[in-house]
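Comments concern the structure below.
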Amino acid sequence: MAGPPDERGPGPPAGEQLQQQHVPCQVFPERLAQGNPQQGFPSSFFINNQKCQLMLLKTLETNPYVKLLLDAMKHSGCAVNKERHFSCEDCNGNVSGGFDASTSQIVLCQNNIRNQAHMNRVVTHELIHAFDHCRAHVDWFTNVRHLACSEVRAANLSGDCSLVNEIFRLRFGLKQHHQTCVRDRAILSILAVRNISKEVAQKAVDEVFESCFNDHEPFGRIPHNKTYAKYAHRDFQNRDRYYSNI
């Protein structure tokens, strides 16, 4: 799903026609209406697309968060293919990306992703949604609690609430700050993709927060930075090897 507007942004079979209200809050309306990415001026679209593709490739090859998630997806029977499961597109507003569950595809908003670090966070966030889509029967479109759970996990595990990011947002120093950030980011993400009140979004997050905040799969821990993510990836690989020998 699409994340909070300043950072970024699952469903029926790919060929099934969706009702208008089931689109992730009309973040990517052109995907429903035309079945094609939205495009602006050809020259700017080509430049943005090329830049997006290069940053995506670097993220997939080097980012420890993403490398772990790709391994976990493959281990769960949902191997990710760069050409099939990622799409660099122009998007409305200032959303940076989203997970389109109807096609099991991650949309990367090439006109809004600012730099490599931003791309890393967007891909990680959306791959967590893809991982949840793979491992569970998630009702993304009608059950806001399911959406809230995945948004809590994405905010908690993707690095969205790292100290560096929070300092950049001029928000730090509060007691239990990480939990507060995760809760706030999850609510913002829900509001970005659902036409519901803030009170309803807050209630959904409150109801699932404890269990979903403590669900650290596939990392096994909260990866507060790249070093934690590297350790988590190493542990995941060792766990995989252990189970393969049983």
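Couplings 3J(HN,Hα) of the range 66-74, computed from phi: 5, 4, 5, 4, 5, 5, 5, 4, 4 Hz, in residue order, whole Hz [Karplus 6.51 cos²θ - 1.76 cosθ + 1.60, θ = phi - 60°; x for Gly and Pro]. Annotation: amide H of Asp90 within the under-5 Å range of Gln38, Gln110, sequence separation 5 or more or interchain, hydrogens built in the peptide plane.
Give the dimensionless ratio obtained when the Cα radius of gyration of the range 65-125 is divided by 2.2 N^0.38 Å. Intermediate values should be presented prior to the final figure.
Values: Rg = 11.8 Å, N = 61, 2.2 N^0.38 = 10.5 Å.
Here the answer is 1.13, to two decimals.
When Lys and Arg each count +1 and Asp and Glu each count -1, what net charge do the other residues less than 11 Å away from Glu61, Cβ to Cβ, add up to?
Details: positive: Lys58, Lys67, Lys82; negative: none.
In short, +3.
Taking amide H positions as modeled 1.01 Å from N, with prolines and chain starts lacking one, the residues under 5 Å from Val80 and 5 or more places away or on another chain are Lys74. Taking 7 Å steps out from each Cα toward its Cβ at Glu207 and Thr227 produces label points 4.1 nm apart.
Note that the range 176-246 presents 59 Å² accessible area per residue, ligands and nucleic acids not counted, probe 1.4 Å. Inter-label distance, Arg135 to Gln53: 3.3 nm, where each label sits 7 Å from its Cα along the C-beta direction.
Phi angles across the range 187-197 convert, under the Karplus curve 6.51 cos²θ - 1.76 cosθ + 1.60 with θ = phi - 60°, into 3J(HN,Hα) values of 5, 4, 5, 4, 5, 6, 10, 9, 8, 10, 6 Hz, Gly and Pro given as x. Just the protein heavy atoms count here, and of the accessible area of the range 50-90 at 1.4 Å, carbon and sulfur take up 51 percent. When the charge dipole of the range 63-186 is built from unit charges on Cβ atoms (+1 for Lys and Arg, -1 for Asp and Glu) and taken about the Cα centre, the candidate among His129, His178, Val144 whose Cα reaches farthest toward its positive end is His178.
The values are calculated or read from the model by the stated rules, or taken from the named source; none is laboratory data. The shown structure was predicted, so the numbers you read here are calculated from the model rather than taken from an experiment. Note that we place each Cβ from the backbone using ideal geometry, even for glycine, and neighbour counts take in every protein chain shown. To get the accessible areas, we keep the full protein, side chains included, count just its heavy atoms, and leave off ligands, DNA and RNA. Shrake-Rupley method; radii C 1.70, N 1.55, O 1.52, S 1.80 Å.
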